[in-house]
1. Quick check: is even one residue across segment 133-150 touching a helix residue (DSSP H, G or I) at 6+ places or on another chain (Cβ under 6 Å), modelled with pLDDT under 95 and either farther than 30 Å from Asn225 by Cβ or outside any strand (DSSP E or B) (or both)?
2. Are any residues in segment 49-58 in contact with a Lys or Arg (Cβ under 9 Å, 6 or more places away or on another chain) and open to solvent by less than 70 Å² (accessible area, probe 1.4 Å), and if so, which ones?
3. Kindly establish whether Ala110 is touching a helix residue (DSSP H, G or I) at 6+ places or on another chain (Cβ under 6 Å) and at pLDDT 90 or above.
4. I'm checking my understanding of the structure. Among residues of segment 151-170 that are surrounded by 17 or more Cβ atoms within 10 Å (Cβ to Cβ) and of a type in the set (Phe, Trp, Tyr), which one is modelled with the lowest pLDDT?
5. With Tyr189, Tyr267, Tyr257 as the choices, which residue is within 17 Å of the chain's Cα centre (by Cα) and either of a type in the set (Asp, Glu) or at negative phi (or both)?
6. So, in segment 187-197, of the ones that are open to solvent by 70 Å² or more (accessible area, probe 1.4 Å) and outside any strand (DSSP E or B), which residue ends up nearest to Ser248 (Cα to Cα)?
7. Quick one: Asp258 ticks every box in (1) at pLDDT below 95; (2) of a type in the set (D, E, K, R); (3) in a strand (DSSP E or B) except a single one, so which number is it?
8. Hey, among the residues in segment 198-212 that are within 19 Å of Ser159 (Cβ to Cβ) and assigned to a strand (DSSP E or B), which one's modelled with the lowest pLDDT?
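The values are calculated or read from the model by the stated rules, or taken from the named source; none is laboratory data. What you see is a predicted model; the values in this text were computed from it and never measured. As a convention, Cβ positions derive from the backbone with ideal geometry for all residues, glycine included, and neighbour counts pool all protein chains shown. Areas reflect the complete protein model, heavy atoms only, side chains present, ligands, DNA and RNA absent. Shrake-Rupley method; radii C 1.70, N 1.55, O 1.52, S 1.80 Å.
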Amino acid sequence: MLLPMWTSAQQDPQVTHYMYNTMTVNPGYTGSRGHLALISLFRDQWVGIEGSPRTITFGLDSPLSPFDGIGLSIVQDELGPSEETYIDANYAHQLVLNNRGHRLALGLKAGVRFFSLDWGKGIFREPETRFNENINSKLLPSVGAGVFYYTQNAYLGLSTPNVFTNAHYDEIQEAEATERLHLFLIGGYVFNLNSELKFKPSFFVKQVTGAPISVDVSANFLINNALNLGVNYRWDDSVSGLFGFQISPKFNVGYAYDYSINNLNNYNTGTHEIFLRYQWITRENKLKSPRFF
């Protein structure tokens, strides 16, 4: 059932582990880790509400040269009667700014989006809505760009995932609508508190034309380069607990639980999110001081 209290129109998929899913947010991140990396994420949002968002992401990126990176991003997102699949190729070129190794990466992404609407799913406020014409895998172009500045301990990026305003599903109007332009601002800093403890505050600001600004603020602690514990606050939406474990130098797993703090709290039992990351680290590309982002 699609509830009218979804007052904050969610257009692009949102995740709590944005700090580990950075290429999806900003193509300038592509290849910046210095080795081939694979990440997969599953998010089941607002458990208990039929037709609530469910998102699966897959990302693969690698350095192409000392100053270039390439990647592939696939996202499948379900919301009510709609289903969208994003397939994007990513490229980034890195400019070395100084002798300390600070870099500014310029990223591009291009791909396609498959958009479907099945009006036979769900219960609607307006009964005649189910007689709308279905849309089956409508093919839409997608082009985005981003700039990403980073050092060994900090990062800051600005991006837009798609400059085209194509079709999407509007859960408030219960109709096909025009997608609006998104702007993403992301940043974070790693404080080395001691040899066994690192602290990383970070933020993620999302601006959608014609909608209120969405702000995520996170605080994560990395213990012994193995255990990650953190919290996240999404403005007027949810608070989250994050847990992660570096099973080996190559394999990392994480979990997040979101607790709604708005009116939806009465209708769902929370949001669950799981991510997996595998990195092909060899003797040749092993980093002397692994980054916490």
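1. Within segment 133-150 (the criterion being touching a helix residue (DSSP H, G or I) at 6+ places or on another chain (Cβ under 6 Å), modelled with pLDDT under 95 and either farther than 30 Å from Asn225 by Cβ or outside any strand (DSSP E or B) (or both)), the answer is no, since none of the residues qualifies.
2. Residues satisfying the conditions are Gly51, Pro53, Thr55, Thr57.
3. Here the answer is no, as Ala110 does not meet what is asked.
4. Tyr169
5. Tyr257
6. The qualifying residue nearest to Ser248 (Cα to Cα) is Glu196.
7. Status for Asp258: all satisfied but (1).
8. Checked segment 198-212; the qualifying residue modelled with the lowest pLDDT is Val208.
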